[in-house]
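Written below as structure tokens is the structure these notes are about.
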Amino acid sequence: MSAPSAVVFDLGNVLIRWDPRPALAAAVGDDEADRILAADDFDFGAWNAAQDAGRPFEQGEEEVAASHPHWAEHVRGYRPHFEHSLTGTVDDTVAILRDLHEAGVPVFALTNWSAETFPLARERYEFLALFDDVVVSGAEGVAKPDPAIFEVLRERVGRPLEECVFVDDGPHNVAAAADAGMDAIRFTDTGHLRDDLRARGLPV
């Protein structure tokens, strides 16, 4: 069995640590950040996911102001403080990315990320330049686990998805990638990932 011809990485909490709480806390304070993230009447994660799928932040903020005005200040404060949500890197995974790149293995990223905030990550994390291409859901108007984004990926990687390994921490995304024909790995820890990639014949 031949080694995969490319590796596709998720970014959030696979290579870049992301947590919305510090950004919300910078905007409205610790207590209010905890309140909105635990709210019964508002799902911040789902709201944020709509921006990842292409909705402009301004539209999302206006919708909250109309439907949940008591959370309007919180969501409006998130985007200006977004940099605080990027809490560091998963260093061992970054090392794996570098190993693959140096060995000449094509590497790609498929990330659920707003097109409005992704440029900040580009500026902050130089290793993103190692990717042959990065598919940003917000720029495509569709996000994982929607099968349509894997069709976008198929075009961008320039090879059959069946030849690619996919690494993501989200179980629904891993399942969708497998349905698209990819060899999908659920990211849990980097020791496991390195072993899994080696078992597939990749030079890590």
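A quick yes/no check of all residues on (1) within 22 Å of residue 196 (Cβ to Cβ); (2) within 15 Å of the chain's Cα centre (by Cα); (3) among the hydrophobic types (A, V, I, L, M, F, W, C):
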site	(1), (2), (3)
86	no, yes, yes
111	yes, yes, no
120	no, yes, yes
132	yes, no, no
136	no, yes, yes
147	no, no, no
150	yes, yes, yes
154	no, no, no
177	yes, yes, yes
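Any residue at all in the range 62-79 that is touching a residue at least 60 places away in the same chain (Cβ under 8 Å) and either among the acidic types (Asp, Glu) or in contact with a helix residue (DSSP H, G or I) (Cβ under 7 Å, 6 or more places away or on another chain) (or both)? For the range 62-79, residues touching a residue at least 60 places away in the same chain (Cβ under 8 Å) and either among the acidic types (Asp, Glu) or in contact with a helix residue (DSSP H, G or I) (Cβ under 7 Å, 6 or more places away or on another chain) (or both): absent.
Within the range 152-166, the set of residues being in contact (Cβ under 8 Å) with a residue 12 or more places away in the chain and either assigned to a helix (DSSP H, G or I) or among the hydrophobic types (A, V, I, L, M, F, W, C) (or both) comprises 152, 153, 154, 156, 157, 161, 162, 163, 164, 165, 166. Test residue 33 against the criterion of being surrounded by fewer than 16 Cβ atoms within 10 Å (Cβ to Cβ), over 23 Å from residue 145 (Cα atoms) and either free of Cβ contacts under 8 Å to residues at least 60 places away in the same chain or in the same structural domain as residue 138 (by TED's automatic domain parsing) (or both), and give yes or no. For residue 33, the condition - surrounded by fewer than 16 Cβ atoms within 10 Å (Cβ to Cβ), over 23 Å from residue 145 (Cα atoms) and either free of Cβ contacts under 8 Å to residues at least 60 places away in the same chain or in the same structural domain as residue 138 (by TED's automatic domain parsing) (or both) - is not met. Among all residues of the range 52-59, there is at least one that is surrounded by fewer than 14 Cβ atoms within 10 Å (Cβ to Cβ), within 14 Å of residue 114 (Cα to Cα) and not small (Gly, Ala, Ser).
Residues that are in contact with a Lys or Arg (Cβ under 7 Å, 6 or more places away or on another chain) and either β-branched (Val, Ile, Thr) or modelled with pLDDT under 95 (or both) within the range 118-149 comprise just one, 135. Scoring residue 140 on the criteria (1) in contact (Cβ under 8 Å) with a residue 60 or more places away in the chain; (2) over 23 Å from residue 27 (Cα atoms); (3) surrounded by fewer than 18 Cβ atoms within 10 Å (Cβ to Cβ) leaves a single failure, condition (3). Scanning the range 96-123 for residues that are closer than 20 Å to residue 169 by Cβ, touching a residue at least 40 places away in the same chain (Cβ under 8 Å) and either surrounded by fewer than 18 Cβ atoms within 10 Å (Cβ to Cβ) or not hydroxyl-bearing (Ser, Thr, Tyr) (or both) yields 96, 97, 99, 100, 107, 108, 109, 110, 112, 113, 121.
The values are calculated or read from the model by the stated rules, or taken from the named source; none is laboratory data. Here the structure is a predicted model, which is why all the values come from computation and not from measurement. All Cβ positions, even for glycine, are placed from backbone atoms using ideal geometry, and neighbour counts span all protein chains on display.
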